[in-house]
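Notes follow the structure.
The values are calculated or read from the model by the stated rules, or taken from the named source; none is laboratory data. None of the values given here were measured: they were computed from a predicted structure. Cβ placement follows ideal geometry from the backbone for every residue including glycine, while neighbour counts extend to all protein chains displayed.
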Amino acid sequence: MRPYLRLVVSFVLVAGLCQTPTVPGVLAQKPSPFIERVDLSGKRLVIAGASFDVDAVIEINGREVATRSTPDDPGEMLIAKKGGKRIPIGEQSAIIVRNSDGQRSKPFFIFRTDEFIAADVIAYLTPLVNINFHGAWLSLRPGDYFVVDLSGISGVSLIQTSDPASTLEAIDRHPFDDNLKFLYRVNHAGIAQLTYRQKFDSPGDVQPFELLVSIEVK
């Protein structure tokens, strides 16, 4: 099982457990491509994930870039030699992989600075687990950065951190001009969780937005 299926380690998402019997003559749809991580070295953009076909292409902010697969991992890695030229500094960008059959991955958002790129978790776009409870999962390496973006959701703050081995480091001085984005750096291998919850001045019938971000570093 690919690690991205372990979206959140502290709860069980009961979805898709009931399998439909195979009907003769009906072809199963190929799995959609999935982006696990994005790396940038100079202009060279490397996308790691799963279910890429040999003619898959990378799209950056809706624009296709020249893409090649790797002989060793043709279904799990794609390279855009000059992809970095399409990723603006100081802005959020969306990366998508499109297979030759037209299937697209879910967008993988990144934020680029002069020094690094960071995986960008946009709170209101994270998968809904149940009413107002969202989950996100990141696969990172030591030295990586990531952002949790709470823009568009009022009154949300970090309420709990589960990081017994101090895997993460919160960066206080970051390139954002508001307090709705949290920047972190990964110190070493380990597992950590971050929980964000919406707070209301007056309790009511509306359920608060809650986000659990699980980070696996290896």
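Residues that are in contact with a Gly (Cβ under 9 Å, 6 or more places away or on another chain) and either modelled with pLDDT of 90 or more or under 30 Å from residue 130 (Cβ atoms) (or both) do not occur anywhere in the range 14-31. Only a single item in (1) within 26 Å of residue 42 (Cβ to Cβ); (2) of a type in the set (A, V, I, L, M, F, W, C); (3) at pLDDT 90 or above is not met by residue 176, and it is number (3). Scanning the range 43-61 for residues that are over 14 Å from residue 103 (Cα atoms) and not polar (S, T, N, Q) yields 43, 44, 45, 46, 47, 48, 49, 60.
Candidates 185, 141: the one that is more than 21 Å from residue 125 (Cα to Cα) and surrounded by 13 or more Cβ atoms within 10 Å (Cβ to Cβ) is 185. Counting only residues that are over 22 Å from residue 199 (Cα atoms) and polar (S, T, N, Q), the range 168-186 holds 0 of them. The sole residue among 165, 192, 118 that is surrounded by fewer than 17 Cβ atoms within 10 Å (Cβ to Cβ) and in contact (Cβ under 8 Å) with a residue 12 or more places away in the chain is 165. Selection within the range 189-204: residues that are under 14 Å from residue 155 (Cα atoms) and in a loop (DSSP other than H, G, I, E, B). The member of this set that is modelled with the highest pLDDT is 199.
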